[in-house]
Amino acid sequence: MGTWRVLIAYASRLGSTCEIAQAIAQVLTRRGAVVDVRAVNEVEHIQDYQVVMVGSPIREQQWLPEARHFVETHREALRKVPLVYFAVSGLMSQPTPEHFHEVYQYLAEVRAIAEPLEVGIFAGLLDYNRLDHDQMAKVLSKGLPEGDFRRWQDIQAWAEDVADRLLLEQARRQAATSEP
Ligand SMILES: Cc1cc2nc3c(=O)[nH]c(=O)nc-3n(C[C@H](O)[C@H](O)[C@H](O)COP(=O)(O)O)c2cc1C
């Protein structure tokens, strides 16, 4: 297979989602992809990529507005490429099936715009010292605990599975275009 170019477009306010995007990029790079990790606001067009991943933390029970805006803006192009979403969440500090399901529901809006092949849902990081009064009130009202809950092994294992899935999808698409 030829060069496999992947865009990982992320939104992040306090950096934890950016670091997850980079960890995913490392795995895909090892699997032979050429990966660009970019903040959603820095991406102008996506036509150079065979695969697009979009990731954002959850705030107020949804992706950050800039991530939703990115999907809206590029909706036509995103519907044509293998697409992957991921969400980073405080709720997943307790990784119960109920919390997974709840966070998955938060993505209904972006999934309705462009349906991804895969969705990743990860626990994030909360540092109370970096929040202002309003943010602190929101976080406490939701009972979100302080700490770094990112499980790098789980993130890497997910990225490996996604790489398998994407390589199969690439092969499937190539076979479809080379049929007489
Ligand atoms: C003001 C605020 C609101 C948040 N709201 C939610 C929420 O509704 N649900 C959730 O699961 N996590 C929520 N979180 C937790 C974040 O998703 C988590 O801290 C994430 O790792 C932040 O990502 P970032 O460092 O890339 O900005 C909230 C965090 C903050 C600061």
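The values are calculated or read from the model by the stated rules, or taken from the named source; none is laboratory data. As the structure is a prediction and not an experimental result, all values here were calculated from the model. Positions of Cβ are backbone-derived with ideal geometry, glycine not excepted, and every protein chain shown enters the neighbour counts.
Some notes on this structure:
- Each residue in the range 39-98 was checked for being over 13 Å from the mean Cα position of the chain (by Cα), over 19 Å from TRP4 (Cβ atoms) and among the hydroxyl-bearing types (Ser, Thr, Tyr), and 3 pass.
- Here the condition is being on the phi < 0 side of the Ramachandran plot and in contact (Cβ under 8 Å) with a residue 24 or more places away in the chain; of ALA176, ALA171, it holds for ALA171 alone.
- Residue within the range 92-99 that is surrounded by 20 or more Cβ atoms within 10 Å (Cβ to Cβ), more than 25 Å from ALA163 (Cα to Cα) and modelled with pLDDT of 95 or more present: no
- Subset of the range 14-30 that is of a type outside the set (A, V, I, L, M) and over 14 Å from the mean Cα position of the chain (by Cα) - its residue that is farthest from the ligand (Cβ to nearest atom): ARG30
- Positions within the range 50-72 being closer than 29 Å to GLY32 by Cβ, away from the ligand (no atom under 15 Å from the Cβ) and either surrounded by fewer than 19 Cβ atoms within 10 Å (Cβ to Cβ) or among the polar types (S, T, N, Q) (or both), in sequence order: GLN50
- Which listed residue is within 12 Å of the ligand (Cβ to nearest atom), at pLDDT 95 or above and within 16 Å of SER56 (Cβ to Cβ), from ALA87, ALA108, ALA114: ALA87
- Close Cβ contacts (under 7 Å, 6 or more residues apart or on different chains) running from residues in the range 84-100 that are over 13 Å from TRP158 (Cα atoms) to residues that are within 11 Å of the ligand (Cβ to nearest atom) and hydroxyl-bearing (Ser, Thr, Tyr) comprise VAL88/SER16; VAL88/THR17.
- The criterion of at least 2 residues that are farther than 24 Å from LYS142 by Cα is met by the following helices (runs of 4 or more DSSP H) wholly inside the range 1-113: 16-30, 65-73, 75-78, 108-113.
- On the stretch given as the range 101-115, residues that are without any contact (Cβ under 8 Å) to a residue 40 or more places away in the chain and either closer than 19 Å to ALA159 by Cα or surrounded by 15 or more Cβ atoms within 10 Å (Cβ to Cβ) (or both) total 4.
- Any hit, the range 120-127, residues being within 13 Å of the chain's Cα centre (by Cα), away from the ligand (no atom under 11 Å from the Cβ) and outside any helix (DSSP H, G or I): yes
- Any chance TYR10 is within 14 Å of the ligand (Cβ to nearest atom), touching a helix residue (DSSP H, G or I) at 6+ places or on another chain (Cβ under 7 Å) and aromatic (Phe, Trp, Tyr): yes
- Search result, residues across the range 131-153 that are surrounded by fewer than 16 Cβ atoms within 10 Å (Cβ to Cβ), under 25 Å from ILE24 (Cα atoms) and within 13 Å of the ligand (Cβ to nearest atom): PRO145, GLU146, GLY147, ASP148, ARG151
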